[in-house]
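Encoded as structure tokens, the structure appears first; notes follow it.
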Amino acid sequence: MVVKIGIIKSGNIGTSPVLDLLLDERADRPNIDVRVVGSGAKMNPEQVEEVTPKINDFDPDFVIFISPNPGAPGPAKAREILSAGDKPALIIGDAPGLRAKDEMDEQGLGYIIVKADPMIGARREFLDPTEMASFNSDVIKVLALTGAYRVVQDTIDKMVEECEAGNVPELPKVVLTRDKAIEAAQFTSPYAKAKAMAAYDIATKVADIDVEGCFMVQDCDKYIPIVASAHEMLAAAAKLATEAREIEKSNDTVVRTPHMGDGVTCCKIPLMDKP
């Protein structure tokens, strides 16, 4: 059986660019077929209302909607549409989504809230396309190397397995904390683990500082250095996450979880071992 997964991307968080790639990293996984539709950078209700129903043309077994702040007006409209549909739906969002957790439970939606997927410093005086891309590359580095993406991968893979078994997939309810991410990364060195923990916690704090700089402070002489400091923090977090992986590499203890030829996820550790 080929499980069909529909992904709707609205706006952007650090998990968005790689979400579909996490499920088929070598583009040869035979047991899934994925389609992506999106509203680009904008996530207003009108864009979301136009894009969301288009995923039904693919007739997916389940749908994933990913965006910043699932409680914002646009994502809320998407949740309304998906909860009224007949397909199981999973919402992936950042920390502000915690405020909509109870609503998603009531709507019968699953969710993954990635706490260390921070808001960007979206002040015009500071943020240009280069800074935006650099920020997102640091987010991707932190989430990949601290284990957060592995939690996302494993959670969706379980839904795929349930579909393959002919069942309606159980909808996950995951708040992706530091400890959940670090556990999934399976660090063997306590120093690597400590660096990864620090990276995840710093990235989580970045969101608070960017919210301050983007919404709470109105004096540009104050908010420009605030958002710049948040981006510097994230760069430091990416460096710590890289250092954690380098420690594991030096010990030949990096855990890898590739998808095999039959679509099943395996686990290997020594670099020269076969999966």
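The values are calculated or read from the model by the stated rules, or taken from the named source; none is laboratory data. Worth saying up front: this structure is predicted, and the values here are computed from it rather than measured. Neighbour counts are summed over all protein chains in view; Cβ atoms, including those assigned to glycine, are modelled from backbone coordinates with ideal geometry. What goes into the accessible areas is simple: the full protein's heavy atoms, side chains included, and nothing from ligands, DNA or RNA. Shrake-Rupley method; radii C 1.70, N 1.55, O 1.52, S 1.80 Å.
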Residue 125: passes all of (1) open to solvent by 50 Å² or more (accessible area, probe 1.4 Å); (2) part of a helix (DSSP H, G or I) but (2)
Considering only segment 251-268, I want to know if a residue exists there that is over 24 Å from residue 91 (Cα atoms), in contact with a helix residue (DSSP H, G or I) (Cβ under 8 Å, 6 or more places away or on another chain) and modelled with pLDDT of 95 or more. yes
Could you look through segment 223-267, keep only residues that are in contact with a Ser or Thr (Cβ under 8 Å, 6 or more places away or on another chain) and outside any helix (DSSP H, G or I), and pick out the one that is surrounded by the most Cβ atoms within 10 Å (Cβ to Cβ)? 259
Index of the failed condition, residue 215 passing every other in (1) aromatic (Phe, Trp, Tyr); (2) in a helix (DSSP H, G or I); (3) crowded, with 17+ Cβ neighbours inside 10 Å: (3)
Can you tell me which residue in segment 10-39 is nearest to residue 153 (Cα to Cα), limited to those that are open to solvent by 70 Å² or more (accessible area, probe 1.4 Å) and without any contact (Cβ under 8 Å) to a residue 40 or more places away in the chain? 21
Does residue 184 satisfy being under 22 Å from residue 16 (Cβ atoms), among the small types (Gly, Ala, Ser) and in contact with a Gly (Cβ under 6 Å, 6 or more places away or on another chain)? yes
Restricting segment 166-193 to residues that are touching a residue at least 40 places away in the same chain (Cβ under 8 Å), in a helix (DSSP H, G or I) and of a type outside the set (Phe, Trp, Tyr), the residue that is farthest from residue 248 (Cα to Cα): 178
